[in-house]
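> Before I ask anything, let me first share the structure, which is written out below as structure tokens.
The values are calculated or read from the model by the stated rules, or taken from the named source; none is laboratory data. Remember, it's a predicted structure, so these values are computed and weren't measured experimentally. Heads up, the Cβs are rebuilt from the backbone with ideal geometry, glycines too, and the neighbour counts pull from every protein chain shown.
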Amino acid sequence: MTKVNIQSSLADFFVKGGIHEYPIFCIARQGGRTAVEILARAFIMEGKHAYIGQNLTGLRSMGTNSMVLRFAETEGIPPGISVNHPEGALFMHEILIRPSRSLTLMAQLTPGQVVNQLNTGVLMVCTPKAPEEVVYPKPFHGTVATVDAEAIFAKRVGIQPAPSGITALGLFVAATGNLVSLEAVKEATLAHERLSERVRQANVLCLEEAYEQARVARDLRLPGMPEKKEEDDFQRVPDGSSRTQTRSISAMWRRKLPVCDMNKCSCGECLSTYFCPEGAISWQDDGIHFDYNFCKTCGTCVAECVFGAITMEDPGKALQAQAAAGSRS
């Protein structure tokens with residue numbers, strides 16, 4: 001009986017079919033999903049077929065969005081979120097490369113899984129570092145490209161944290177050569193119906209600058225690093241027990257936290273609880289409680305609060321307010 005190597009068979013299928021596969025990872029609220037939609041449209045504009053697989057993580061996705069983009073000259077692109085034969089990967093923040101920081105619940109695709117598969121090809125990372133300074137967990141040999149997409153977007157648009165997903169597309173174009181043209185990506189951005197005209201134009205300028213500033217090193221070898229536990233991915237509970245609690249990646253990226261002024265709140269229970277995409281709000285002891293380990297500061301609770309009691313504040317003020325509320329209960 002002949003044994004079949006499934007991984008080898010899948011690789012042969014992708015190569016023979018001319019199917020390109022690129023997993024893409026971003027932090028929640030970074031604009032990564034919109035960026036991948038735009039990139040897929042750019043390929044379609046140039047006559048290719050494209051497919052996007054989106055990770056379905058449910059609540060408490062640990063602040064990451066995981067996607068896979070496949071494209072080819074012909075039909076027959078297989079669906080699904082699993083990564084089979086990646087030619088490269090795009091990490092929209094360097095923190096996502098490190099598998100110990102890539103914990104997801106109910107995830108079908110994690111950055112750590114891709115890192116274990118990708119030891120050659122095109123590695124794209126949004127970081128201020130030069131390509132040779134990128135810290136990759138595994139030995140890698142191929143093209144390494146970097147750009148500080150957040151700095152570019154923040155300088156031009158002035159939003160912090162910077163939703164720099166579309167900006168990162170400039171890095172993709174620069175690193176992958178002739179797979180898709182910069183003009184097609186710009187055209188797809190300008191045609192995106194969910195963005196206002198002003199936002200489209202600003203993003204086009206950002207991705208152009210990212211393309212020009214991208215640092216691309218071909219035939220580069222990264223040595224890899226020894227695996228180790230990242231202590232700051234976990235938090236010890238106050239009683240000193242051995243239990244640990246995972247922390248959302250987006251919690252390391254945010255600038256504001258939600259706070260509820262209970263003097264303005266007249267709800268019997270918090271209505272915003274039902275709208276929080278991360279399940280980070282609960283009603284405790286006749287008051288609202290935010291789980292800041294999982295809150296990604298998307299602002300949904302602020303928009304849904306019918307009394308305007310919830311506002312976004314500096315982290316220090318938010319933590320003090322929650323501690324004071326807890327001491328009064």
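> Name every residue in segment 95-121 that is modelled with pLDDT under 90, outside any loop (DSSP other than H, G, I, E, B) and closer than 19 Å to Val36 by Cα, in order of residue number.
Leu96, Ile97, Pro111
> Quick one: in segment 1-56, which of the residues that are hydrophobic (A, V, I, L, M, F, W, C), exposed (fewer than 13 other Cβ atoms within 10 Å of the Cβ) and not in a loop (DSSP other than H, G, I, E, B) is modelled with the lowest pLDDT?
Ile6
> While we're on this one: So Ile288 ticks every box in (1) assigned to a strand (DSSP E or B); (2) more than 15 Å from Ala321 (Cβ to Cβ) but one. Which box is left unticked?
Condition not satisfied by Ile288: (2).
> Pick from Ala202, Ala188, Ala217: which is touching a strand residue (DSSP E or B) at 6+ places or on another chain (Cβ under 7 Å) and either surrounded by 16 or more Cβ atoms within 10 Å (Cβ to Cβ) or outside the structural domain of Val125 (by TED's automatic domain parsing) (or both)?
Answer to the check: Ala217.
> Hey, any hits in segment 125-139 for a residue that's part of a strand (DSSP E or B), assigned by TED's automatic domain parsing to the domain that holds Arg200 and either touching an Asp or Glu at 6+ places or on another chain (Cβ under 8 Å) or touching a residue at least 12 places away in the same chain (Cβ under 8 Å) (or both)?
yes
> All but one of (1) at pLDDT 80 or above; (2) surrounded by 22 or more Cβ atoms within 10 Å (Cβ to Cβ) hold for Met62, so report the exception by its number.
Met62 satisfies every listed condition except (1).
> A further question follows. If I go through segment 264-302 residue by residue, how many of them are in contact with a helix residue (DSSP H, G or I) (Cβ under 9 Å, 6 or more places away or on another chain), under 16 Å from Ala28 (Cβ atoms) and small (Gly, Ala, Ser)?
2
> A follow-up question, please. Restricting attention to segment 132-146, which residues are β-branched (Val, Ile, Thr) and under 12 Å from Asp219 (Cβ atoms)?
Once the filter is applied, which keeps residues that are β-branched (Val, Ile, Thr) and under 12 Å from Asp219 (Cβ atoms), segment 132-146 yields Thr143, Val144.
> Follow-up question, since we're still on this one. In segment 134-141, is there at least one residue being touching a Pro at 6+ places or on another chain (Cβ under 9 Å) and of a type in the set (Phe, Trp, Tyr)?
yes
> Say we look at segment 140-150 and pick out the residues that are of a type outside the set (Val, Ile, Thr) and assigned to a strand (DSSP E or B); which of these is surrounded by the fewest Cβ atoms within 10 Å (Cβ to Cβ)?
Only one residue fits best here, namely His141.
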